[in-house]
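> First, the structure itself, so that you have it in front of you.
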Amino acid sequence: MNHYTDVLKKYAVFSGRARRQEYWMFTLFHVAVAVVLMILDIVLGTYPLLVGLYILGTFVPSLAVTVRRLHDLGKSGAWYFIAFVPFVGGIWLLVLTATAGQPQPNQYGPDPKVLAA
């Protein structure tokens, strides 16, 4: 839960680096909340109102944490747009976000694992 709230506190922070754990724990909680809201929407007959508002409200933080995750790999945030390449783009972004970050400081900042320890 802390990873989720930490990402929301850094609402529009696109600088720095994000560990794999921060990114994936945020993503897990984000998807779980979206699924619960979708079920609630269907039960209430308001689909897609609640889930749509939630996705719209968390779009910027999820984009920011993805950019910070790419920075951890030493890549520009512009690599996010690889997801829009048909068929392989989303898979390639998934591979990038699952790859271990650079252990040494890079142009985007120091290693976040060292800062967390």
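> When ligands, DNA and RNA are left out and all protein chains stay put, how many square angstrom of accessible area per residue does the chain have with a 1.4 Å probe?
Dividing the accessible area of the chain by its residue count gives 61 Å².
> Towards the positive end of the charge dipole of the chain, with charges on Cβ (+1 Lys, Arg; -1 Asp, Glu), say which of 86, 46, 102 has the farthest Cα.
It is 102.
> Let me ask something additional. So what are the ³J(HN,Hα) numbers for region 57-74, from phi and the Karplus equation (6.51, -1.76, 1.60; θ = phi - 60°), rounded to whole Hz, Gly and Pro as x?
x, 9, 5, 5, x, 5, 5, 5, 5, 5, 5, 5, 5, 5, 4, 4, 8, x
> What percentage of the solvent-accessible surface of region 2-117, computed with a 1.4 Å probe over protein heavy atoms, is contributed by carbon and sulfur atoms?
74
> Let me ask something else about it. Rounded to the nearest 500 deg cm²/dmol, what is the calculated helix-only ellipticity per residue at 222 nm for the chain, with -39500 (n - 2.57) per DSSP H run of length n ≥ 4?
Computed ellipticity for the chain at 222 nm equals -19000 deg cm²/dmol.
> Can you give the extra length, in nm with one decimal, that the chain gains between residue 24 and residue 84 once fully stretched, where that is 0.36 nm per residue apart less the Cα-Cα distance?
Going from the current span to full extension adds 19.6 nm.
> Using the crude model of +1 on Lys and Arg Cβ and -1 on Asp and Glu Cβ, and no other charge, please compute the dipole size for the chain relative to its Cα centre, in debye to 20.
Here the size comes out at about 280 debye.
> Continuing with the same structure: If you take the square roots of the eigenvalues of the alpha-carbon gyration tensor of region 48-93 and sort them as a ≥ b ≥ c, do you get rounded (a/c under 1.5), prolate (a/b over b/c) or oblate?
Taking the square roots of the gyration eigenvalues as a ≥ b ≥ c, region 48-93 is oblate.
> What is the diffusion coefficient of region 1-59 in µm²/s, taking the Kirkwood radius over Cα pairs and the Stokes-Einstein relation at 25 °C with a viscosity of 0.890 mPa s?
In µm²/s, the coefficient rounds to 198.
> Would you work out if the chain is rounded, prolate or oblate? Take a ≥ b ≥ c from the square roots of the eigenvalues of the alpha-carbon gyration tensor; rounded if a/c is under 1.5, else prolate when a/b is larger than b/c, oblate otherwise.
prolate
> Under the Kirkwood approximation applied to all pairs of distinct alpha-carbon atoms, what is the hydrodynamic radius of region 67-117 in Å?
About 11.5 Å for region 67-117.
> Would you rank 87, 26, 14 by solvent-accessible area, highest first, keeping every protein chain in place and using a 1.4 Å probe?
Largest accessible area first, the residues go 87, 14, 26.
> Relative contact order for the chain: what percent, with Cα pairs under 8 Å and sequence separation of 6 or more?
31
The values are calculated or read from the model by the stated rules, or taken from the named source; none is laboratory data. Here the structure is a predicted model, which means the values were calculated and not measured. Cβ coordinates were reconstructed from backbone atoms using ideal geometry, including for glycine residues, and neighbour counts include every protein chain displayed. These accessible areas exclude ligands, DNA and RNA; they are computed on the full protein's heavy atoms, side chains included. Shrake-Rupley method; radii C 1.70, N 1.55, O 1.52, S 1.80 Å.
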